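Encoded as structure tokens, the structure appears first; notes follow it.
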Amino acid sequence: MDVHDYSVKVGGEAGQGINTIASILSRSFADQGLHLFAYQDYYSRVRGGHNFYQVRTATFPVYTFSDRLEVLMALDKASIDLHAGELNPGGVMIYDQDIEADHPGQNALALPMAGLGKEHGGKAVMGNSVAAGAAWQVMGGNQEILENTLGRLFQKKGSDIAEANIRAARAGADYAKNNFSGHCQCQLHQGNRNKSLVLTGNEALALGSLAAGCRFISSYPMTPASGVMQYMARQTHRLPLAFEQAEDEIAAINMSIGAANAGARAMVATSGSGFSLMVEGLSLAGMNETPLVIVLGQRPGPATGMATRTEQGDLLFSLHAGNGEFPRAIFAPRTAEEAFWTATHAFNVAEKYQVPVFILTDQHLADSYYTIDPFDLNQVTIDRGHLLDNEELERMETYHRYEITASGISPRAFPGQGGKCVMVPGNEHMENGYSTEDPSVRTRMQDKRMRKHRGLAEEVKAPGSHGSKDPHTALLTWGSSYGACREAVDEANRQGEKWQVFSLPQLWPFPGAQISEFIGKAERVVSVEMNATGQLGRLLRLETGRQPDLAVLKYDGRPMNAGYVLSQVEKGGVFPW
């Protein structure tokens, strides 16, 4: 089988159908048995601005985007001006014929998108399918696969619409066959993947939450976490799931706390500035030991910051948010597939230990597409922790919601269950839930809550590693930065270096002993993350006393890739500590 690694960029203004073209191509790549990684770059506006979608496809797994392009599809002149220089020598440009562009050379195709869309599909907007058909033809893709993909994507709009888009794509393919005189280096071959899913990080996380038995989500829309609530809201008509678009983030977290205390697995999804409003509710969950999953989709701050861009600036915020001290867990999935399994695990941890649990994502992970093998739902386990049934409650003379135990975990019952009183206070309280200011009770109750940290620490999964088993350079990273680091390690090792990447799928409780063992063999430790202060590096020093030798940081709102990591390490990184 031929090995290839190709990238296609679709650029234009918001509202021109960039996402539609990229979605058609992405799913067609997957249907042809190929791997893909696709990310989008967009402004916080409904129309206008320069946006693009970059799709990378290969016959082997890919984890980040490439610096080079084989095909550029330009829907506006800005796309030509900004991205033509990214084309490889011999790369192909397909652009809308209505653009007043300079003569871009033989390896370009001026495509009458709107005209062909209206002529063959009945509407100018079907020029998006025309563009996809032309690109697929130039890249040598299997046209039957493309048409089957179009049929599935548009079937929900009706068979007439689906067939019209297929005709438009055929028209685009025919036009390219008859009018493109250049040569495209990107010639697609059948890949070796079986049927795969094409999901964003948000979609995979939402699916994992549903598989875990989430029954309530309340959120206020906030990019980049909105995709989670939107996906789950669409499932309420066919699943036992309640969704509430709250009036604000304060209401959202309080509603979810109420739902969790009533017995539902509950979650909220938000971003940094929205979570700022939730902090009082977080402390309430800490005091009354409410199991709650909080999806925190990170973007550049402070304040509104850059609403549609990416960053990893809220690690220490999520760790220290809330007044007072209480246990919590923090997870950071590295891929969309891991986002699914992280969600299933997060709900189990939240209920087993009766604590709030964070899932940290960011815009790059949340909005990027990945090819994923279908999930084996038989591997999903549900652990609701120490729940009392009605018979157990009826045998009790009294029920103490906050009974002091060696593990810190109290037997749990829901209001109205078994004829017992269930108190859910916000004040410091006794075992029965009634408020108190007795100093000795306060000490015992705080010790009880904090003992959960020991159990949480025992469940920490080992950091993932990839690369040389005897590394000279160890990259330490978390979340979506993993993809760039993994491919940087592969490239460095191909050049004769000895690199390894250690990535943390769980950030708190911090796996200090495991990390120390991993990085202890390396001569140089490099912290790689998308923030300005090296937050993981600071946490490493706080928990282990070991300080990274340098850091590769990026905080311009755009994601990093392997080339960026390699170049910054070569320059010597920075020392933010």
(message) Need one number: nm distance between label points at ASP248 and THR405, each 7 Å from Cα along Cα→Cβ, rounded to one decimal.
(response) 3.7 nm
(request) Could you point to the label whose value was computed as Rg and Dmax of the Cα atoms in Å for the structure here, given (1) 25.9, 87; (2) 30.0, 107; (3) 23.4, 68? (result) (1)
(message) Quick check on my link table: of LYS9/LYS571; LYS498/LYS521; LYS157/LYS195, which ones sit more than 22 Å apart, alpha carbon to alpha carbon?
(response) LYS9/LYS571; LYS157/LYS195
(request) Any chance you could give the angle, 0 to 90 degrees and rounded to 10, that helix 143-155 forms with the longest Cα principal axis of the chain? (result) 50 degrees
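Let me make sure I get this right: for the stretch 390-458, a, b and c are the square roots of the gyration tensor eigenvalues over alpha carbons, sorted descending. Under 1.5 in a/c it's rounded, otherwise prolate if a/b > b/c, else oblate. Which is it? Kindly include the intermediate steps, with their values, before the conclusion.
Values: a/c = 2.33, a/b = 1.35, b/c = 1.73.
It is oblate, given that a/c is not under 1.5 and a/b is not larger than b/c.
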(request) Take GLN446, project a point 7 Å from its Cα along the Cβ direction, then tell me which residues of the stretch 281-302 have their backbone nitrogen under 14 Å from it. (result) 287
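Calculate, in nm to one decimal, what ALA513 and GLU100 gain on full extension: separation in residues at 0.36 nm each, minus their alpha carbon distance.
Working: separation 413, 0.36 × 413 = 148.68 nm, distance 6.08 nm.
Length gained between ALA513 and GLU100: 142.6 nm.
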(request) Enter the Cα centre distance for the pair the stretch 480-547 and the stretch 354-402, rounded to the nearest angstrom. (result) 29 Å
(message) Suppose only helical runs count, i.e. DSSP H with n ≥ 4. What mean residue ellipticity at 222 nm does that imply for the chain under -39500 (n - 2.57) per run, divided by all residues and rounded to the nearest 500 deg cm²/dmol?
(response) -11500 deg cm²/dmol
(request) Just order 368-379, 306-317 by mean Cβ neighbour count inside 10 Å, highest at the front, would you? (result) 306-317, 368-379
(request) Out of all DSSP beta bridges with both ends in the chain, state the antiparallel percent to the nearest 5. (result) 40 percent
(request) At 0.36 nm per residue, minus the direct Cα-Cα distance, what do GLN379 and ASN179 gain on full extension? Give it in nm, one decimal, please. (result) 66.9 nm
(request) Along Cα→Cβ, 7 Å out, is where each label goes; now give me the distance between the ones at ASN432 and ASN142 in nm to one decimal. (result) 7.1 nm
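Using a 10 Å cut-off on Cβ atoms, rank the peptides 139-145, 68-74 from the highest mean neighbour count down. All intermediate terms of the calculation are to be shown ahead of the outcome.
On the way: 139-145: 17.1, 68-74: 24.6.
The densest-packed peptide leads the list: 68-74, 139-145.
First select every other residue whose beta carbon is under 13 angstrom from the beta carbon of PHE347; then total the charges, Lys and Arg +1, Asp and Glu -1.
On the way: positive: ARG215, ARG265, LYS352, ARG384; negative: GLU351, ASP383.
For residues surrounding PHE347, the net value is +2.
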(request) Please name which of GLY455, PRO439, MET423 has its Cα lying farthest along the dipole of the stretch 421-462 towards the positive end, using unit charges on Cβ (Lys, Arg +1; Asp, Glu -1) and the Cα centre as origin. (result) GLY455
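Around ASP314, with a cut-off of 13 angstrom between Cβ atoms, what is the net charge of the other residues, counting Lys and Arg +1 and Asp and Glu -1?
Cβ neighbours under 13 Å give a net charge of -2.
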(request) Of the options ALA488, SER567, ILE515, report the single residue whose Cα projects farthest towards the positive end of the charge dipole of the stretch 464-571 (beta-carbon charges: Lys, Arg +1; Asp, Glu -1). (result) ILE515
(request) Please find the FRET efficiency linking GLU523 to ASP67, where r is the Cβ-Cβ separation and R0 is fixed at 30 Å, and quote it to the nearest 0.05. (result) 0.60
(request) Work out the length of the dipole vector of the chain about its Cα centre, built from +1 on the beta-carbon of each Lys and Arg and -1 on the beta-carbon of each Asp and Glu, and round it to the nearest 20 debye. (result) 320 debye
(message) What does the net charge come to around GLY557 if you take all other residues with beta carbon closer than 11 Å to its beta carbon, with K and R at +1 and D and E at -1?
(response) 0
(request) Using packing as a proxy for protection, rank 119-127, 439-447, 344-352 so that the peptide with the highest average count of other Cβ atoms within 10 Å comes first. (result) 344-352, 119-127, 439-447
(message) If R₀ is 51 angstrom, what is the calculated FRET efficiency for the pair ALA233 and GLU459, using the beta carbon separation as r and rounding to 0.05?
(response) 0.95
(request) Using R₀ = 51 Å, calculate the FRET efficiency as 1/(1 + (r/R₀)^6) where r is the Cβ-Cβ separation of LEU316 and GLN155; round to 0.05. (result) 0.65
(request) May I ask you to compute the full-extension gain from GLN187 to ARG47, defined as 0.36 nm times their residue separation minus their alpha-carbon distance, rounded to one decimal in nm? (result) 47.0 nm
(message) As a footprinting exposure proxy, order MET423, MET560, MET530 by other Cβ within 10 Å, with the fewest listed first.
(response) MET423, MET560, MET530
(request) State, to one decimal in nm, how far the label point of ASP5 lies from the label point of THR533, with both points 7 Å from Cα in the Cβ direction. (result) 3.6 nm
(message) With unit charges on the beta carbons (Lys and Arg positive, Asp and Glu negative) and the dipole taken about the Cα centre of the chain, which residue among SER79, PRO300, SER26 sits farthest to the positive side?
(response) SER26
(message) Taking the Cα of ASP490, stepping 7 Å toward and past its beta carbon, and measuring to each backbone N in the stretch 51-82: which are under 12 Å?
(response) 57-66
(message) Nothing charged except the Cβ atoms of Lys and Arg (+1) and of Asp and Glu (-1): what's the magnitude of the dipole of the stretch 112-210 about its Cα centre? Round to the nearest 20 debye.
(response) 100 debye
(request) Using only Cα atoms, tell me the angle between helix 18-31 and the longest principal axis of the chain; keep it within 0 to 90° and round to the nearest 10. (result) 90 degrees
(message) Given Cβ point charges of +1 (Lys, Arg) and -1 (Asp, Glu) and nothing else, what value in debye, to the nearest 20, does the dipole of the stretch 390-458 about its Cα centre take?
(response) 280 debye
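The numbers here are math on the coordinates, done by the rules we state, and not lab data. Computed from a predicted model, the values in this text were never measured in an experiment. Note that each Cβ is placed from the backbone with ideal geometry, even for glycine, and that neighbours are counted across all protein chains shown.
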